[in-house]
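All remarks here apply to the structure that follows.
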Amino acid sequence: MSAYRELSTDDLERVRRMAGATALRDCRPITAGIENSNWFVTLEHDGREHAFVLTLVEAVTPEELPFFIALTDTLAEADLPVPMALRLADGARQFQLHDRPALLVPRLPGTHVDRPSSGACRAVGAMLAQLHDAARRCPLRREQPDHR
């Protein structure tokens, strides 16, 4: 399970307001994952529905989160298929929910693959090489005391 907390109606209303959306159409916990609490969220804005992932960051501190936002921005600027944190109605990229940092990111297409083919593994390897190459241009650095 990847949603370690429950969201109240007030929590969801706060997310809707933070995103500047006119309505919250759907919210479902994501059942895969290991570190953060995640939900698929559908918000309506300007009469159109937009799919997001709401992440409640459980594994890093609020002070560490700017590194991950900068890294994702760097990867997106290199045309890699990564979701950039949404700029919220107040201009911020992160907010607090349940005393944890939270992000809204666009939901990317696709599903989890339990048994990848050799072609899929080659594609992942090629993408990983591009990711490592692009990540060297990230303007922020992060110390990794636990070597993860």
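Go through the stretch 21-39 and give me each residue that's within 17 Å of His50 (Cβ to Cβ), open to solvent by 50 Å² or more (accessible area, probe 1.4 Å) and not in a strand (DSSP E or B).
Thr22
Just to be sure I understand the filter: pairs with C-beta atoms under 9 Å, separated by 6 or more residues or on different chains, first member in the stretch 19-45 and within 16 Å of Glu6 (Cα to Cα), second member of a type in the set (Asp, Glu) and part of a strand (DSSP E or B). Which pairs pass?
Asp26/Glu49; Phe40/Asp26; Val41/Asp26
Quick check on Ala70: is it touching a residue at least 60 places away in the same chain (Cβ under 8 Å) and either out of contact with any helix residue (DSSP H, G or I) (no Cβ under 9 Å at 6 or more places or on another chain) or farther than 14 Å from Cys138 by Cα (or both)?
Yes, satisfied.
Just give me the residues in the stretch 93-148 being modelled with pLDDT under 95 and of a type in the set (S, T, N, Q), in sequence order.
Once the filter is applied, which keeps residues that are modelled with pLDDT under 95 and of a type in the set (S, T, N, Q), the stretch 93-148 yields Gln94, Gln96, Thr111, Gln144.
Restricting to the stretch 41-52, and then to whatever is modelled with pLDDT of 95 or more and surrounded by 12 or more Cβ atoms within 10 Å (Cβ to Cβ), can you tell me which residue is nearest to the chain's Cα centre (by Cα)?
Phe52
So which residues in the stretch 53-80 are of a type outside the set (Val, Ile, Thr) and either over 17 Å from Arg100 (Cβ atoms) or in contact with a His (Cβ under 7 Å, 6 or more places away or on another chain) (or both), if there are any at all?
Result: Leu56, Ala70, Leu71, Asp73, Leu75, Ala76, Glu77, Ala78, Asp79, Leu80.
Every residue in the stretch 2-20 that is crowded, with 17+ Cβ neighbours inside 10 Å and more than 20 Å from Glu58 (Cβ to Cβ), please.
Across the stretch 2-20, the qualifying residues are Arg16, Ala19.
Quick check on the stretch 105-121: of everything there that is in a helix (DSSP H, G or I) and more than 30 Å from Ala85 (Cβ to Cβ), which residue is least open to solvent (accessible area, probe 1.4 Å)?
Applying the filter and picking the extreme gives Gly119.
Applying the selection to the stretch 53-84, what residues are surrounded by 14 or more Cβ atoms within 10 Å (Cβ to Cβ) and part of a helix (DSSP H, G or I)?
Matches in the stretch 53-84: Leu65, Pro66, Phe67, Phe68, Ile69, Ala70, Leu71, Thr72, Asp73, Thr74, Leu75, Ala76.
Go through Ala102, Ala89 for me and flag whichever is over 24 Å from Gln130 (Cβ atoms) and assigned to a loop (DSSP other than H, G, I, E, B).
Ala89
The values are calculated or read from the model by the stated rules, or taken from the named source; none is laboratory data. In this text, all values refer to a predicted model and were calculated from it rather than measured experimentally. Note that we place each Cβ from the backbone using ideal geometry, even for glycine, and neighbour counts take in every protein chain shown. Calculation scope for accessible area: heavy atoms of the full protein, side chains included, ligands and nucleic acids excluded. Shrake-Rupley method; radii C 1.70, N 1.55, O 1.52, S 1.80 Å.
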